[in-house]
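S.K.: Below you'll find the structure I mean.
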Amino acid sequence: MSRVNTVGAELAERGLVRAATDVTGFGLLGHLAAMCRASGVSAEINAGDVPGISDEIFDLISRGCVPGGTEQNLKTAGALTEWKKATQQQKLLLCDAQTSGGLLLSVGPRNLRDVLRLLVDNRTPCHALIGKIEAGNRALDRSSLRQALSH
């Protein structure tokens, strides 16, 4: 929360990303669902590759230190997500409702190296490849997305 996501503007100005959003109150999955719906695609995320704020985050989650909005986000995500191997703690992290999160970027393979270099040069706290975009939209209908975004 102590850093501004200005690197996102630079990435967009250089045309290095296909889509981008900041991850705020709807959590990573809420914002990803909106991006996928708007683009007519779906996504596959490896929950184990999503970085947390610290190594202690899962201990805090297991002790019940979870924002109230996160529980609602998880309920909403359940209707939009095909869970495979994610633990309950990982699911909660993916739906974290805290604001001022990082950036979620959709980057084509030919721009990936340049984007990673720019993120490092701008001293972003972390950067990780967490999944891939897939053709076709496996998401639910528009009313489900509206409900997800209006909670």
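S.K.: May I ask you to list the residues in region 99-122 that are in contact (Cβ under 8 Å) with a residue 24 or more places away in the chain and either touching a Pro at 6+ places or on another chain (Cβ under 6 Å) or exposed (fewer than 15 other Cβ atoms within 10 Å of the Cβ) (or both)?
M.R.: Once the filter is applied, which keeps residues that are in contact (Cβ under 8 Å) with a residue 24 or more places away in the chain and either touching a Pro at 6+ places or on another chain (Cβ under 6 Å) or exposed (fewer than 15 other Cβ atoms within 10 Å of the Cβ) (or both), region 99-122 yields THR99, SER100, GLY108, ASP114.
S.K.: Across region 34-70, what is the number of residues that are among the charged types (D, E, K, R) and under 16 Å from the mean Cα position of the chain (by Cα)?
M.R.: 3
S.K.: Take region 40-65 and flag every residue that is loosely packed, with under 15 Cβ neighbours inside 10 Å, among the hydroxyl-bearing types (Ser, Thr, Tyr) and touching a residue at least 24 places away in the same chain (Cβ under 8 Å).
M.R.: Correct list: SER62 only.
S.K.: From ALA43, ALA34, grab the single residue that is assigned to a strand (DSSP E or B), modelled with pLDDT of 90 or more and within 24 Å of GLY108 (Cβ to Cβ).
M.R.: Matching residue, one of ALA43, ALA34: ALA43.
S.K.: Could you grab me the full set of residues in region 1-16 that are within 13 Å of LEU105 (Cα to Cα), of a type in the set (A, V, I, L, M, F, W, C) and open to solvent by 30 Å² or more (accessible area, probe 1.4 Å)?
M.R.: ALA9, ALA12
The values are calculated or read from the model by the stated rules, or taken from the named source; none is laboratory data. Every value quoted in this text rests on a predicted model; they were computed, and no experiment measured them. Glycine also receives a Cβ, built like all others from the backbone with ideal geometry; neighbour counts cover every protein chain displayed. Areas reflect the complete protein model, heavy atoms only, side chains present, ligands, DNA and RNA absent. Shrake-Rupley method; radii C 1.70, N 1.55, O 1.52, S 1.80 Å.
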